Amino acid sequence: MANETNNDLSAAFSTFLSAGSTLLQQSVDILSSGIKSTVHAVEPLGKTAIDLIGIGTNTVGKVIESVSSTIAPKK
């Protein structure tokens, strides 16, 4: 009788640990999926922002070049 109780307790403990590890693994998978989704959403926005900064810098450079060539005396 005592042996059966030990087997039942061992099975229950094993099932409990298995369920806990499954829940932990699923939580990690959900977190990983969320991070991947966020990165995929932010990546194009970052690229677009960098492109806009480059275009703005080129425009400012051309404006400064145009103004300086207008102000500079002609030879």
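Annotations for the structure displayed:
- Leading residue by the ranking (modelled with the lowest pLDDT) among those in segment 42-72 that are surrounded by 10 or more Cβ atoms within 10 Å (Cβ to Cβ) and over 32 Å from the mean Cα position of the chain (by Cα): 67
Here is a yes/no grid of residues against (1) surrounded by 10 or more Cβ atoms within 10 Å (Cβ to Cβ); (2) in contact with an Asp or Glu (Cβ under 6 Å, 6 or more places away or on another chain); (3) modelled with pLDDT of 90 or more; (4) among the charged types (D, E, K, R):
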{"site": "14", "(1), (2), (3), (4)": "yes, no, yes, no"}
{"site": "33", "(1), (2), (3), (4)": "yes, no, yes, no"}
{"site": "40", "(1), (2), (3), (4)": "no, no, yes, no"}
{"site": "74", "(1), (2), (3), (4)": "no, no, no, yes"}
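The values are calculated or read from the model by the stated rules, or taken from the named source; none is laboratory data. Predicted model only: the values in this text are computed from it and were never measured. For neighbour counting, all protein chains shown are included, and Cβ atoms are generated from backbone atoms with ideal geometry for every residue, glycine included.
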